[in-house]
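Here's the structure, in structure tokens; my notes come after.
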Amino acid sequence: MSAILGLRTAAAVTTAKLVAALSRRLGFGGGTALPGLVADAVVPRLATRLAARLGHGSVLITGTNGKTTTARLVRNVAQAAGYRPVHNHSGSNLMRGITACLIEATDARGQFPQPERRLGIFEVDEATLPEAAVALSPRVVAFTNLFRDQLDRYGEVDSVAALWRPAVASLPPTITVVLNADDPGVAGLADACRGSVLFYAVSDISCAVDQIEHAADARWCPSCGREYSYSAVFYGHVGQWVCPGCGRGRPAADIEATRVKQSPDQPLRLALATPSGQFDLSLPLMGLYNVYNALAAVSVAVALGVPVDAIREGVASFTAAFGRQERMTVRGREVHTILAKNPAGLNQVLRAISAEEGPKNLLFFLNDDIADGRDVSWIWDVDFEMLAGQAALLLASGRRAADMALRLKYADIDADPAIEEDTESALEKALALTPEGERLYVIPTYTAMLHVRKLLARWGQRPPFWEEG
Amino acid sequence: MEAALRLAHLYPKLMNLYGDRGNILSLRRRCQQRGITLAVDELELGDALDPAAYDLVFIGGAQDREQQRVAVDLLGTKAEALHQAVEQGVVLLAVCGGYQLLGRYYRPAAGEELAGVGIFDAWTVHPGPAAKRFIGNVVVRWRGGTLVGFENHGGRTYLGPSARPLATVIAGFGNNGRDGSEGVVQGENAFGTYLHGSLLPKNPRFADHLIAQALRRRYGDVELEPLDDVLEERAHAEAVRLAKKKPIFGRR
Ligand SMILES: [Zn+2]
């Protein structure tokens, strides 16, 4: 019986590898999803069989924002600790993408080289989490945050939460769940957990903003219906929350950022308190949202028992996932590309940008492909108004460039928004209008980011500070 | 023109799902540029609505859970005042979930029927979780031209004999995906629609239609100065073009 299964697994892996090679050859993109689909047709539950061969098991990371960055941080930390990660780094985060990634890491017989050192690190789409949690039998499941994102695909924020709760409840008690204590929508999952929970949080209240942002989502207590009150809001609905009705509140954190130092052009500096002791961390990224990503990654590392030195080394060696946050020099201008795909994410990007000095040159790309979300109404929930008095250049591009320009017009930012729909012409124009020596911020949605990256990679150079370690 | 208008924004915290803030920004800006002050009051759960205090009322869309709480609050604290306001000619715009709640009733896929405020002679039925959700770009024709937006609703809305459709569907689904109608006009001054996106910034003629109506009621015959709408009209035209084009799915 097992011999036959073994043969079939090998056959599925071989077929899938052929399909991957073929699809790359024929130019169907990177061949990341198709082989998974094909392998599933040959052997159902192939991912389960392959994942069972990972010596250290696997880690799942999900949430609206930050899952790619968090997964990459965990990968770096795992490498520094001597693991050999199997990681869906291309961001293909549905089941077929994860299956394809497992296939790619195995040989023709479906065996991993050095299986005893293998750790699966998978970023998982929010709606795919229940399926992945069953199929992959993870050791650790980490949640970043829960915001509105692509309502045309997920339906509603509540429906994502409704999917997560039973998925968490059905995990065996041996599994550690990592939760963001500062996001009430995520922290509340603890009630459903049967095993141990690690909470992470920011406790440095100098990071707080004055008021809750327009794009805040989880504002009402699901137990009693009262509106949460906040002693500090860090971004969106993330902060130090408590329900005045039933007293539910932000749980005590296991992994805590006790001090956060942000300064322009410098890596973020964090002081952390963890069950493995207190230590400092240097993170070559900007924005408070990346502090949360680092906290999630450190929590996963703590759950896996990774020593502090490996955590520090892994995080310091980090480079942002391509295009998500990337700096390069192009024609004497410093081009800073930051992915933004929903209101909470874009608010954080804008906040980080407005914290830097001097007039800002800004190029926004708004696409409405399925991967971006077909509904662009979310841009009206973004607080572009915070850029008032700061913009020297405002250029809108992408399939919905006119929508973006109109939103910028209504934000009253001073500079008149201009439109250049074509990606290449928009980049050319933005570079020409950005004075030499100044910085150009390029802020694309997902599909636009892929195109922008390709062009910039051809034209520019990455400074050593940001190079892959 | 020296004039002032007052708008009641109902449940801006609970009903704010699809960029509805843009509708308020559009009204405020289009008034401001003509020297009209637009004051906006935000009314949440439990807040009473003074029917004599307002020229305009706006309500947006929400998730199901929030919609239920709003339904209860509307009936408890605001229904009577809303009826009085609309009878007195106050201009009302209700989008998506707000549109549904101001009809006669909403019958969800599961659970109890929600009683509506009954401003609109319309009712909404959700045909069940297996039924197709109406999602996509939409373009419709109303008496002032085309309207563009995005729709995302499971419920199907049907109009009774005393209501007229706001528009007819050119591309998209509209009220129920069957009879080609979109939205509702009750009397002359109460409007309901499934179009978000935000609606008003990209449909400046419709925004002006609402403002002019509110002004006329308070100040008599008025003529609105034209504004520089180059960007608004461009976004409108682009949205018409995209809505008419069938999306190519699976292209990544
Ligand atoms: Zn409560």
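The values are calculated or read from the model by the stated rules, or taken from the named source; none is laboratory data. Remember, it's a predicted structure, so these values are computed and weren't measured experimentally. So basically every Cβ, Gly included, is an ideal-geometry build from the backbone, and we count neighbours across all protein chains shown.
Overview of results
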| item | result |
| --- | --- |
| Spans of strands (runs of 3 or more DSSP E) in the range B:95-142 with at least 3 residues closer than 24 Å to B:Leu74 by Cβ | B:105-107, B:122-125 |
| Residue match in the range A:430-451 (condition: more than 28 Å from A:Gly91 (Cα to Cα) and touching a helix residue (DSSP H, G or I) at 6+ places or on another chain (Cβ under 9 Å)) | yes |
| Residue that is nearest to the other protein chains (Cβ to nearest Cβ), among those in the range A:361-392 that are buried (at least 22 other Cβ atoms within 10 Å of the Cβ) and under 23 Å from A:Arg333 (Cα atoms) | A:Leu366 |
| Residue that is surrounded by the most Cβ atoms within 10 Å (Cβ to Cβ) [pool: residues in the range A:161-183 that are touching a residue at least 60 places away in the same chain (Cβ under 8 Å) and of a type in the set (Val, Ile, Thr)] | A:Val178 |
| Considering residues of the range A:203-229 that are charged (D, E, K, R), within 13 Å of another protein chain (Cβ to nearest Cβ) and away from the ligand (no atom under 16 Å from the Cβ) only, the residue surrounded by the fewest Cβ atoms within 10 Å (Cβ to Cβ) | A:Glu213 |
| Considering residues of the range A:242-273 that are away from the ligand (no atom under 16 Å from the Cβ), touching a residue at least 12 places away in the same chain (Cβ under 8 Å) and small (Gly, Ala, Ser) only, the residue nearest to A:Glu313 (Cα to Cα) | A:Ala271 |
| Wholly within the range A:350-469, strands (runs of 3 or more DSSP E) carrying at least 1 residues that are within 23 Å of B:Ala237 (Cβ to Cβ) | A:360-365, A:391-397 |
| Condition check for A:Ala187: in contact with a Lys or Arg (Cβ under 6 Å, 6 or more places away or on another chain) and farther than 27 Å from A:Leu46 by Cα | no |
| Some residue of the range A:184-193 being within 14 Å of the ligand (Cβ to nearest atom) and either surrounded by fewer than 22 Cβ atoms within 10 Å (Cβ to Cβ) or farther than 22 Å from A:Pro343 by Cα (or both) | yes |
| Looking only at the range A:83-99, and only at residues there that are of a type outside the set (D, E, K, R) and part of a helix (DSSP H, G or I), the one that is surrounded by the fewest Cβ atoms within 10 Å (Cβ to Cβ) | A:Met95 |
| Condition check for A:Arg400: of a type in the set (D, E, K, R) and within 10 Å of another protein chain (Cβ to nearest Cβ) | yes |
| Within the range A:230-241, tally of residues that are within 16 Å of the ligand (Cβ to nearest atom) and within 14 Å of chain B (Cβ to nearest Cβ) | 2 |
| Single residue of A:Ala39, A:Ala20, A:Ala80 found to be at pLDDT 90 or above and crowded, with 19+ Cβ neighbours inside 10 Å | A:Ala80 |
| Residues satisfying the stated conditions in the range A:97-117, i.e. more than 19 Å from the chain's Cα centre (by Cα) and under 13 Å from A:Thr48 (Cα atoms) | A:Thr99, A:Ala100, A:Leu102, A:Ile103, A:Gly110 |
| Residues (touching a helix residue (DSSP H, G or I) at 6+ places or on another chain (Cβ under 8 Å), closer than 30 Å to A:Ser159 by Cβ and more than 11 Å from chain A (Cβ to nearest Cβ)) located in the range B:2-55 | B:His9, B:Leu10, B:Tyr11, B:Met15, B:Leu43, B:Gly46, B:Asp47 |
| Among the candidates A:Leu73, A:Leu119, A:Leu102, A:Leu54, residue that is outside any loop (DSSP other than H, G, I, E, B), of a type outside the set (D, E, K, R) and either free of Cβ contacts under 8 Å to residues at least 24 places away in the same chain or in contact with a Pro (Cβ under 8 Å, 6 or more places away or on another chain) (or both) | A:Leu119 |
| For A:Pro343: the one exception among (1) modelled with pLDDT of 95 or more; (2) under 26 Å from A:Leu283 (Cα atoms); (3) within 11 Å of chain B (Cβ to nearest Cβ) | (1) |
| Filter result for A:Met328 (at pLDDT 90 or above and not polar (S, T, N, Q)) | no |
| Filter pass, B:His196 being modelled with pLDDT under 95 and touching an Asp or Glu at 6+ places or on another chain (Cβ under 9 Å) | yes |
| Meets criteria (farther than 30 Å from B:Met15 by Cα and at pLDDT 95 or above) for A:Pro444 | no |
| Any hit, the range A:160-177, residues being charged (D, E, K, R) and within 16 Å of the ligand (Cβ to nearest atom) | no |
| Verdict on A:Asp183 being modelled with pLDDT of 90 or more, out of contact with any Asp or Glu (no Cβ under 9 Å at 6 or more places or on another chain), closer than 20 Å to A:Ala344 by Cβ and of a type in the set (Asp, Glu) | yes |
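Yes/no matrix, rows are residues, columns are (1) hydroxyl-bearing (Ser, Thr, Tyr); (2) under 17 Å from the mean Cα position of the chain (by Cα):
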site: A:Ala296; (1), (2): no, yes
site: A:Ser299; (1), (2): yes, yes
site: A:Gly305; (1), (2): no, no
site: A:Ser317; (1), (2): yes, no
site: A:Gly332; (1), (2): no, no
site: A:Val335; (1), (2): no, no
site: A:Val349; (1), (2): no, yes
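Yes or no, residue by residue, for (1) within 13 Å of another protein chain (Cβ to nearest Cβ); (2) out of contact with any Phe, Trp or Tyr (no Cβ under 6 Å at 6 or more places or on another chain); (3) within 26 Å of B:Pro108 (Cβ to Cβ):
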| site | (1), (2), (3) |
| --- | --- |
| B:Gly145 | no, yes, no |
| B:Phe150 | yes, yes, yes |
| B:Gly154 | yes, yes, yes |
| B:Gly160 | no, yes, yes |
| B:Gly172 | yes, yes, yes |
| B:Gly187 | no, yes, no |
| B:Lys202 | yes, yes, no |
| B:Asp208 | no, yes, no |
| B:Ala214 | no, yes, no |
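Residues checked against (1) within 29 Å of B:Gly19 (Cα to Cα); (2) of a type in the set (Val, Ile, Thr); (3) surrounded by fewer than 18 Cβ atoms within 10 Å (Cβ to Cβ):
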position	(1), (2), (3)
A:Arg407	yes, no, no
A:Asp412	yes, no, yes
A:Asp416	yes, no, yes
A:Leu433	no, no, yes
A:Ile443	yes, yes, no
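To keep it simple, each residue is scored yes or no on (1) farther than 28 Å from B:Trp123 by Cβ; (2) at pLDDT below 95; (3) among the aromatic types (Phe, Trp, Tyr); (4) over 19 Å from the mean Cα position of the chain (by Cα).
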{"site": "B:Ala8", "(1), (2), (3), (4)": "no, no, no, no"}
{"site": "B:Val57", "(1), (2), (3), (4)": "no, no, no, no"}
{"site": "B:Ala62", "(1), (2), (3), (4)": "no, yes, no, no"}
{"site": "B:Leu82", "(1), (2), (3), (4)": "no, no, no, no"}
{"site": "B:Gly103", "(1), (2), (3), (4)": "no, no, no, no"}
{"site": "B:Pro108", "(1), (2), (3), (4)": "no, yes, no, yes"}
